[in-house]
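The structure appears below as structure tokens.
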Amino acid sequence: MSTGDPALVELIRCEISNHGPVSFAWFMEQVLYHPEHGYYSSDRATIGRRGDYFTNVSVGPVFGELLAAQFAEIWERIGKIDNFLIVEQGAHHGEFARDVLESLQQRFPELFSALRYQIVEPFSALQDRQAQMLQHFRDRVDWQGSLEEIEPFFGVHFSNELLDSMPVHLLVSTGAGWQEKCVSLDGDEFAFVRQPIAEPKLKELAANAPRLPPGHEIEVSLAALDWTEKVAAKLQRGFVLVVDYGFSRDDFYDPQLKTGTLQARARHRRLASPFDNVGNADITVHVNWTNLAEHAGQCGLQVVAFTDQHHFLTGIISKSPALLEKADPKRKRELQALLHPEMLGRTFQVLALTKDVDPAVSLAGFKFARNLRAALGL
Ligand SMILES: C[S@@+](CC[C@H](N)C(=O)[O-])C[C@H]1O[C@@H](n2cnc3c(N)ncnc32)[C@H](O)[C@@H]1O
């Protein structure tokens, strides 16, 4: 028997019994985002020490404080406009928004009085949590259910670990081409089956993917490409800052990653299969930064900088050393977790995209960044 949330398992099983194998992207969408039973949408996801996994945000408020300083610099660089919007997507329980707004209120009151903070949140259970967390900032924050619903804006779109939780298609190399790994049933159990690729966009991407040895697996995130198009359409002037874990294209297709980057996690442990504990575990993939950056360029965004989190946060601190003034032992431990190359410092990367921003503008976070084209293999 496949384990997990019984109602969720049953509805996926029914779909497969009635209509045949489903794409892994559809399966992942149900597992994480089914409106009633999904891991995130039902608010079952728990992040942090007592939860399923850590994020930068769950380390403590220092991540939000450092990003607040970066947002303030963006505001200055695009002309201290009075309709500056910070759009956050994937805000979970609103901790990052709270940390940013508290820090801006204390350290950058001029920006604080000029800005609005908008959270893109499709799920009411999470919107309720965020509203509770952000009670003190009710006059600054509003919500939209999707990117399509937000107004064109000036400012910054921010996300931390949004793209790694978007549904992906799984492809497996035949040596001469690619097949899709879909989800079927073996008795009552979920099982992978290989099928010819049906989706036209996926076919096109597969045709352009490098030849890899038979059996090599990769993930393709059509959702991430679609997201890029939507953000590009809404941003009028400003930055998109994407924080996540991933690889450049060359590393993504490294033969050592033969089994791809897909992971299921619960209680800080990696599960043997994405079919274990369905709906009670997270499913993630690494971001293909090169594909994302290339697509962003095709959608009218400029790809301006890319670096790892260690260098990004070090750059911000170097411009705002006052941020470390009240570094008590707890804060020092938080900073170390974010910065240390063997903790989160190298695991995470930051991509900056812009629209209608003078190319000479450079941000503190990218002061120590390597050459963009070399880092992304563009
Ligand atoms: C891995 S969690 C990261 C949460 C938080 N940013 C943090 O760092 O702690 C991913 C979050 O992205 C959200 N998410 C995924 N797709 C989304 C979408 N299209 N719009 C808004 N949120 C989305 C999920 O509901 C979940 O809260």
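The values are calculated or read from the model by the stated rules, or taken from the named source; none is laboratory data. Computed from a prediction, not measured in an experiment: that's the story for all the values here. All Cβ positions, even for glycine, are placed from backbone atoms using ideal geometry, and neighbour counts span all protein chains on display. Quick note on the areas: whole protein, heavy atoms, side chains included, nothing else; ligands and nucleic acids left out. Shrake-Rupley method; radii C 1.70, N 1.55, O 1.52, S 1.80 Å.
Nearest 0.05, what FRET efficiency do K80 and A207 give at R0 = 51 Å with Cβ-Cβ as r? Calculated transfer efficiency: 0.60.
For the chain, count all C-alpha to C-alpha pairs, find those more than 29 Å apart, and express that count as a whole percent of the total. Intermediate results must be reported in sequence, preceding the final value.
On the way: 30317 of 71253 pairs.
Taking all Cα-Cα pairs of the chain, the fraction more than 29 Å apart is 43 percent.
In straight-distance terms, cross-link reach from K258 covers every one of the lysines whose alpha-carbon lies under 19 Å from its own, apart from those fewer than eight places away in the same chain; here that gives K181. Can you tally the net charge around V100? Count Lys and Arg as +1, Asp and Glu as -1, for every other residue whose Cβ sits under 10 Å from the Cβ of V100. That works out to -4. FRET efficiency for the S146 to R237 pair, using the beta carbon distance and R₀ = 25 Å, is estimated at 0.70.
Among residues other than A266 with Cβ under 13 Å from its Cβ, the summed charge is +2 (Lys and Arg +1, Asp and Glu -1). Close amide-amide hydrogen proximity is noted between L212 and G175, each under 5 Å apart and 5 or more residues distant or on a separate chain (H modeled in the peptide plane; Pro and chain starts excluded).
Helical content of the chain, expressed as a calculated mean residue ellipticity at 222 nm, amounts to -10500 deg cm²/dmol (DSSP H runs of 4 or more residues, -39,500 (n - 2.57) each, divided by residue number, nearest 500). The candidates D250, D226, D244, D308, arranged from most to least accessible area with a 1.4 Å probe in the full protein assembly, appear as D250, D226, D308, D244.
Computing the accessible area with a 1.4 Å probe over protein heavy atoms, can you report the carbon and sulfur percentage for the chain?
Here it works out to 49 percent.
Heavy-atom accessible area with a 1.4 Å probe sorts R116, R211, R270, largest first, into R211, R270, R116. Counting 0.36 nm for each residue step from R346 to R370 and taking away their Cα separation leaves a gain of 7.3 nm. Springs join every pair of Cα atoms under 10 Å in this Gaussian network model of the chain, and among G238, G155, G215 the largest mean-square fluctuation is at G215.
Put simply, the Cα atoms of segment 184-237 extend 52, 31, 17 Å along their principal axes, the longest span coming first.
Note: relative contact order over segment 241-352, using C-alpha pairs below 8 Å and six or more positions apart, is 35 percent.
Bridging of K355 to lysines at a Cα separation below 28 Å is possible for K80, K201, K230, K234, K319, K367, once same-chain residues fewer than 8 apart are set aside. The order of K326, K258, K230 by accessible area, most exposed first and with a 1.4 Å probe, is K326, K258, K230. For segment 20-146, what percent of Cα pairs sit more than 16 Å apart? Counting pairs separated by more than 16 Å, the tail of P(r) holds 66 percent. Convex hull volume of the C-alpha atoms in segment 261-378, normalised per residue: 156 Å³. Per residue, the accessible area of the chain comes to 44 Å², computed with a 1.4 Å probe over protein heavy atoms only. Here V141 sits with roughly 10 square angstrom of accessible surface, probe radius 1.4 Å. Could you work out how far the C-alpha centroid of segment 224-239 sits from that of segment 74-106, in angstrom? Segment 224-239 and segment 74-106 have Cα centres separated by 17 Å. At the residue level, W75 shows approximately 10 square angstrom of accessible surface with a 1.4 angstrom probe and all protein chains present.
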